[in-house]
Structure formats: C-alpha cells, structure tokens
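Asks: One structure, as structure tokens, below. Some questions next.
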Amino acid sequence: MIIGDGHVLYSSPAMNKVSKPICFDVNIAGIDDVIIQWVNNSTYSNLSDMECCLADAYLYPATTNDTAVIKSQFPIPMISLASIEAEPRHTGDTVDNYGNLYSDAVYNSIYYDDPKNNAVFEYLLNAKYRQFTGTLYVPQNSNYEGKTIKISVYGDGKMLYQSPEMNETSRAVNFSVDISGYNDVEIRFSGHAYSGAKDRLCLAYAYFYE
C-alpha cells in the first residue's frame, strides 16, 4: 500500500505464495509524506507467514509538467484514525467463505476484559468526511452456530446504514455511506469476536473520503 499525506494512493491486490509479480506506477506529485506499507495480516505486530519483496523501486524528480495529486479523490484508511471506543485490529482471515482474497481487513474484535460489549468503532470527524465505504465478508471456516451478525453505521446518533444479517452462507457486501456533515460516526457490530473465534465478521477496505 502506498500512502501519501495519509491518503491511500495505491493498494495492491492481495498476494499469496502463488501470486505473480505486479508492476505499479504511482503519482506522488505534490505529496510531502510518502509511506510504503506492507499490511501484516498475521494479526501479530512482528510476525508474518510470507515475505513480500519490492523490486526496482524508483523515485523520479518532479517536473513543471507534473499534475499534483488531488488528495480528496483518495481515501483515508479507517484504521489510521483514532477510535474513541474499541480499536480496530487487522485480521488474518483474509479469505472469505467463497474463496475471495482481500488485502486489508479488520474484524469485530473487542478486548478480553470487556466481553459483554459488542465491537463499536467510533470516530469524531468534525464533519470533515463525505463518505465511508467498505466490503463486509464472512471469513472462511466460520461457524456462527445459528447466529447472524451485521453492522450498522450511525452519524450523530442517526442510523445511516444497516447491512444484511450475515451468516456462513452470506456473500460479501459492498457498501457506501454518505456521512457528509456528521461529526460522531460509529461503526457498530451486532456481535463480537476474540482472537481465534469462529464468529468473526470482517470489514475490508474500510475507507473515509474527504
């Protein structure tokens, strides 16, 4: 993932041990801070099951003919913002129940010392953002034991979006929510999960747009 001034300028497809090399070219004209980030989906901060290499990486000097990046056209990852409730965590379950692979996702995790509360990610955005998007999926080998899980998105206490009830047979759901003018935005999961739990509901490509 290439992040420029906090915005996702490029996100590669999810890769595994059989993936072919991918070439990319990213415009960073007018960007002050560039981060090249590998998303660690092992769920541990210092471990990964696979090394991913970046070859022939070059920076080219700016010219007067370059068109500066319009940052508002590029998203900001939800996980890069500070939640005032539960903190979203990357999931290692990056394959859904239909075999689709995702390069960056979080799940409905909460902490062990608060087992009675459902996962709630809450952001004070100062009406700065216009859109919240993502892909909701059930990870492979899930076992909800007859339960269903959904997410709801609220703006200043008003429900803006509610997903379908999800279970082991549900396909991935793409959504886009208009959050223009709202300060307090909450992403609420109806169920919670812990590390190793089989009732995870994952949220891939969770992005805010200015």
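Asks: At what distance in nm do the modelled label points of T67 and Q140 sit from each other, each positioned 7 Å from its Cα along Cα→Cβ?
Replies: Going from the T67 label point to the Q140 one covers 3.9 nm.
Asks: Pop the C-beta distance of R171 and E210 into the FRET formula with R0 = 35 Å and round what comes out to the nearest 0.05.
Replies: 0.70
Asks: Compute a Gaussian network model of the chain, connecting alpha carbons closer than 10 Å, and tell me which residue from I84, I22, I151 fluctuates the most.
Replies: Its mean-square fluctuation being the largest, the pick is I22.
Asks: Now a separate question. Which one, P75, L136, A55, is farthest towards the positive end of the dipole of the chain when Lys and Arg carry +1 and Asp and Glu -1 on their Cβ?
Replies: Most positive-ward Cα: L136.
Asks: Another question about this same structure. Can you tell me the relative contact order of the chain? Whole percent, Cα pairs under 8 Å, sequence separation 6 or more. Could you put the intermediate results ahead of the total?
Replies: Numbers: 433 pairs, mean separation 50.1, N = 210.
Result for the chain is 24 percent.
Asks: With only Lys, Arg, Asp and Glu charged, each at its Cβ (+1 for the first two, -1 for the last two), find how big the charge dipole of the chain is about the Cα centre; round to the nearest 20 debye.
Replies: 480 debye
Asks: Something else about it: Rank these residues by their accessible area, most exposed first, probe 1.4 Å: S80, S109.
Replies: Heavy-atom accessible area, descending, gives S80, S109.
Asks: Further question on the same structure: Of the residues Y60, Y182, Y137, which exhibits the maximal mean-square fluctuation in a Gaussian network model of the chain defined by a 10 Å Cα contact cut-off?
Replies: Highest fluctuation of the listed residues: Y60.
Asks: OK, next. Ignoring trypsin sites (Lys or Arg not before Pro) that are buried or in helix or strand per DSSP, and keeping those with at most 16 other beta carbon atoms within 10 Å, what is the longest stretch of the chain between them?
Replies: Maximal segment without exposed cleavage sites: 18-115.
Asks: Still on this model: How much net charge surrounds T135 when only the other residues with a Cβ under 13 Å from the Cβ of T135 are counted, with Lys and Arg +1 and Asp and Glu -1?
Replies: -1
The values are calculated or read from the model by the stated rules, or taken from the named source; none is laboratory data. All values derive from a computational prediction rather than experimental measurement. No Cβ is skipped: glycine too gets one built from the backbone with ideal geometry, and neighbour counts run over all protein chains shown. SASA here: full protein model, heavy atoms, side chains in, ligands and nucleic acids out. Shrake-Rupley method; radii C 1.70, N 1.55, O 1.52, S 1.80 Å.
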